[in-house]
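For reference, the structure is listed below as structure tokens.
The values are calculated or read from the model by the stated rules, or taken from the named source; none is laboratory data. Keep in mind that this is a model prediction, so the values were computed, not measured. Positions of Cβ are backbone-derived with ideal geometry, glycine not excepted, and every protein chain shown enters the neighbour counts.
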């Protein structure tokens with residue numbers, strides 16, 4: 001399975017990327033929402049998952065999720081917001097825009113794995129992860 | 001115009017403590033009261049909070065500490081030499097997560113800016129800073145309201 005990480009922080013892309021790679025994902029990266037759209041448009045095989053930061057330059061994560069949900073051909077992508085935005089109204093806005101899950105930074109690798117398990121997106125059984 | 005109250009130092013403390021443990025895998029230790037904090041050539045990260053309270057959270061530490069923080073966050077092997085851009089990016093993300101935690105705890109109508117990281121041009125005043133110990137080196141944190 002493939003995953004797209006959309007975050008303006010290279011450090012955060014590297015951290016999330018390592019967790020997902022260890023879980024068996026092939027990882028794609030983008031530094032903002034517009035770059036993520038460009039990445040998706042260039043893919044023959046869409047990622048199953050996109051982990052999306054909220055606050056980014058050029059195009060923020062909420063706008064990206066809204067744009068993805070406008071495209072029926074991208075309906076198969078599961079969208080998870082991964083962000084410092086922790087207020088209830090932000091979570092509601094993200095879910096209303098089309099996010100399937102919401103993970104608040106800081107988070108642990110285990111928390112991310114639990115979210116993937118809930119979404120049925122663990123490529124390998126959790127017990128097999130080192 | 002700021003109408004809300006500034007983040008309580010205990011709130012900022014708690015946010016750093018959470019980030020230290022969950023992102024840097026390091027025990028949070030306040031700076032010893034009887035030690036004099038000194039700062040060499042360093043980096044300074046800032047993030048703006050806007051809304052009911054307007055101001056910035058500023059983190060300043062020396063370059064070696066910033067490199068170690070980035071290495072801890074990234075799980076980089078000791079032999080890996082991190083480029084300055086990656087160090088700045090990692091320190092900015094640490095402050096971004098702290099800023100998000102503080103914003104969430106403040107409540108009200110608030111928004112968070114994007115973190116910016118530059119070279120530190122002058123050491124912060126210890127009297128106006130929360131000082132955290134990073135393996136015996138100081139990390140200065142200031143909460144600075146906008147000028148009235």
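Going residue by residue through the stretch B:96-112, is there one that turns out to be surrounded by fewer than 18 Cβ atoms within 10 Å (Cβ to Cβ) and either under 15 Å from residue B:142 (Cα atoms) or touching a helix residue (DSSP H, G or I) at 6+ places or on another chain (Cβ under 9 Å) (or both)? So far as the stretch B:96-112 goes, yes, one or more of its residues are surrounded by fewer than 18 Cβ atoms within 10 Å (Cβ to Cβ) and either under 15 Å from residue B:142 (Cα atoms) or touching a helix residue (DSSP H, G or I) at 6+ places or on another chain (Cβ under 9 Å) (or both).
Scanning the stretch B:63-84 for residues that are more than 13 Å from chain A (Cβ to nearest Cβ) and surrounded by fewer than 18 Cβ atoms within 10 Å (Cβ to Cβ) yields B:63, B:64, B:78, B:79, B:81. The listed residues are A:48, A:23, A:30, and the only one of them that is touching a helix residue (DSSP H, G or I) at 6+ places or on another chain (Cβ under 6 Å) and in contact (Cβ under 8 Å) with a residue 24 or more places away in the chain turns out to be A:30. Consider the stretch B:125-144 and keep the residues that are modelled with pLDDT of 90 or more and farther than 18 Å from residue B:15 by Cα. The one that is surrounded by the most Cβ atoms within 10 Å (Cβ to Cβ) is B:137. Looking only at the stretch A:64-86, residues that are under 20 Å from residue A:42 (Cβ atoms) and part of a helix (DSSP H, G or I) come to 8 in all. Checking each residue in the stretch B:44-62 for being away from every other protein chain (no Cβ under 14 Å) and touching a helix residue (DSSP H, G or I) at 6+ places or on another chain (Cβ under 6 Å) picks out only B:59.
A single entry from B:37, B:9 fulfils the requirement of being modelled with pLDDT under 90, within 23 Å of residue B:122 (Cβ to Cβ) and surrounded by 14 or more Cβ atoms within 10 Å (Cβ to Cβ): B:37. Checking residue A:86 against (1) at pLDDT below 95; (2) out of contact with any strand residue (DSSP E or B) (no Cβ under 9 Å at 6 or more places or on another chain); (3) within 29 Å of residue B:88 (Cα to Cα), only one condition comes out false. Which one? It fails just one condition, (2). Restricting attention to the stretch A:59-68, does a residue exist that is surrounded by 20 or more Cβ atoms within 10 Å (Cβ to Cβ), within 14 Å of chain B (Cβ to nearest Cβ), within 14 Å of the chain's Cα centre (by Cα) and without any contact (Cβ under 8 Å) to a residue 24 or more places away in the chain? No: zero hits. Cβ separations smaller than 6 Å between residues 6+ apart or across chains give no pair from the stretch B:16-36 residues that are more than 11 Å from chain A (Cβ to nearest Cβ) to residues that are crowded, with 20+ Cβ neighbours inside 10 Å and in a loop (DSSP other than H, G, I, E, B).
Here residue A:31 fulfils each of the conditions (1) crowded, with 17+ Cβ neighbours inside 10 Å; (2) more than 14 Å from chain B (Cβ to nearest Cβ) apart from (2). Listed conditions (1) farther than 16 Å from residue A:94 by Cα; (2) surrounded by fewer than 21 Cβ atoms within 10 Å (Cβ to Cβ); (3) within 14 Å of chain B (Cβ to nearest Cβ) are all met by residue A:19, apart from (2). Of the residues making up the stretch A:87-108, those that are part of a loop (DSSP other than H, G, I, E, B) and either away from chain B (no Cβ under 14 Å) or free of Cβ contacts under 8 Å to residues at least 12 places away in the same chain (or both) are A:87, A:98, A:99, A:100, A:106, A:108.
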